[in-house]
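These notes are about the structure you will find just below.
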Amino acid sequence: MSRDEATAEERQLAALLAAYDDALAAGASPPAAPPALRGRLADNLACLHLLHQLRPDPAELGPATPPETGERYVLVRPHASGGIGDVWLAHDVDLGREVALKELRPERARDPAIAERFLREARVTGRLQHPGIVPVYELVPGNPGPDGRPADAPFYTMRFVQGRTLSDAARAYHDRLAAGTAGPLELTGLLNAFVSVCNTVAYAHSRGVIHRDLKGENVVLGDFGEVIVLDWGFAKLVGEKEDAESANGQVPASPPTQTLAGTVVGTPAYMAPEQAEGRADRIDVRTDVYGLGAILFEVLTGRPPFTGADSREVLRKARAGEFPRPEAIAPGAPPPLAAVCRRAMARDPDQRYQTPADLAREVQH
């Protein structure tokens, strides 16, 4: 390479870094990089990300350490954080598109059970091909260290969907309803989204997958009409053998809308009695029907069916099936829909709708 060519390449690299710097500051998608510069660009981006982290911005809290993503993915900005992992908006350099990159936090990757759950979520999601489920593009399981545990955190990429959760949409609707500013068709729109969720879950059941953590926070309403069911990390495969679980009071005093792992799987504020009792042997498709009923409850009232000071109190109510009638919280809830909700959330699984499709048909009538 001549001196002039080297100088031109340096200028091109400097221009790319400046463009990436601007994109990071604006939360926008960076430009595509020429193949010849990808290696050098990746080396410089680590420093660039560090500089952005060192810039104080108390209004924006994100993951402390960006994951190692190689040359293909360039992190744009943090998008969401959960109990064990973080989601980033990233740029796929090879295909020139935005993706969601979900990584397991390095400190959690040292726990084999948590690491396996994370990989399982990617693989279960990847086997489900439906418009209501984000497609998984690539899984990078992480390289094992000398002790056999991951030396770097695993991550996977999937389609990025911008929008708000069904929980947020339901709360906003009920706030407007209380203020007298809700539109006449808003509830219809929420119910149409709910039917889409039922159809997505019905598809998953046809593929032998039970979600086990259905709630409004796990449903995203996209800006362009998408209705996406997220977070399949606690999914159970039909026929899969599990040890019978027992809560035995070993439930942390965590927020009732936070997902629990361990002896009791799911989110207490939306949980079916058989889940709250830790009865893994009794969990089947009707457990998801109950979760769908809990989402319908939230659509009709603007809040989860079970509330309390902490997860222990909420689990007690969930075990007993003690939830208020939707119309007692929201007097404007249509009585036929309130009745559908109560049946979907019957304590006895035999008294519920037996499939999500049955529930969807009742809501549509």
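Have a look at Ala178, Ala182 and point out the one that is part of a loop (DSSP other than H, G, I, E, B), assigned by TED's automatic domain parsing to the domain that holds Gly293 and among the aliphatic types (A, V, I, L, M). It is Ala182. Going through (1) modelled with pLDDT under 95; (2) in contact with a Gly (Cβ under 9 Å, 6 or more places away or on another chain) one by one, His365 falls short only on (2).
Every condition in (1) touching a residue at least 60 places away in the same chain (Cβ under 8 Å); (2) over 27 Å from Glu240 (Cβ atoms) holds for Ile283 except the one numbered (2).
For segment 262-283, the criterion of a residue being surrounded by fewer than 16 Cβ atoms within 10 Å (Cβ to Cβ) and either at pLDDT 95 or above or closer than 21 Å to Arg171 by Cα (or both) is satisfied by no position. Every listed requirement among (1) in contact with a helix residue (DSSP H, G or I) (Cβ under 7 Å, 6 or more places away or on another chain); (2) in contact (Cβ under 8 Å) with a residue 24 or more places away in the chain; (3) not hydroxyl-bearing (Ser, Thr, Tyr) is met by Gly208 save one, (1).
Could you tell me which of the residues Leu177, Leu187 is at pLDDT 95 or above and crowded, with 17+ Cβ neighbours inside 10 Å?
Working: Leu177 fails: crowded, with 17+ Cβ neighbours inside 10 Å.
Only one candidate qualifies: Leu187.
Conditions first: (1) within 28 Å of Pro67 (Cα to Cα); (2) at pLDDT below 90; (3) of a type in the set (Ser, Thr, Tyr). Thr165 passes all but one, so which condition is the exception? Of (1) within 28 Å of Pro67 (Cα to Cα); (2) at pLDDT below 90; (3) of a type in the set (Ser, Thr, Tyr), only one is false for Thr165: (2). Only one of the numbered conditions (1) more than 17 Å from Arg171 (Cα to Cα); (2) over 23 Å from the mean Cα position of the chain (by Cα) is not met by Ala360, and that is (2). Beta carbons closer than 7 Å, at least 6 apart along the sequence or on distinct chains, pair a first residue in segment 163-176 that is of a type in the set (Val, Ile, Thr) with a second that is assigned to a strand (DSSP E or B) for Thr165/Val219; Thr165/Val220.
Mind listing just one residue for me: the one in segment 99-131 that is among the charged types (D, E, K, R) and assigned to a strand (DSSP E or B) and, of those, nearest to Asp213 (Cα to Cα)?
Step one: of segment 99-131, the residues among the charged types (D, E, K, R) are 102-103, 105, 107-108, 110-111, 116-117, 120-121, 123, 127.
Add one more test, that the residue is assigned to a strand (DSSP E or B), and what stays is 102-103.
Working: Lys102: 18, Glu103: 20 Å.
Step by step, filter segment 99-131, then rank; the result is Lys102.
In this structure, is Tyr353 in contact with a helix residue (DSSP H, G or I) (Cβ under 7 Å, 6 or more places away or on another chain), over 25 Å from Arg171 (Cα atoms) and surrounded by 18 or more Cβ atoms within 10 Å (Cβ to Cβ)? Yes; evaluated as a whole, the condition is true for this residue. In segment 109-132, the residues that are touching a residue at least 24 places away in the same chain (Cβ under 8 Å) form Cβ pairs under 6 Å with partners that are among the basic types (Lys, Arg) and in a helix (DSSP H, G or I), at six or more places apart or across chains, as follows: Ile114/Arg108.
The values are calculated or read from the model by the stated rules, or taken from the named source; none is laboratory data. Since the structure is predicted, the reported quantities are computational estimates derived from the model, not experimental observations. Methodologically, a virtual Cβ is constructed for each residue, glycine included, from the backbone with ideal geometry; neighbour enumeration extends over all protein chains shown.
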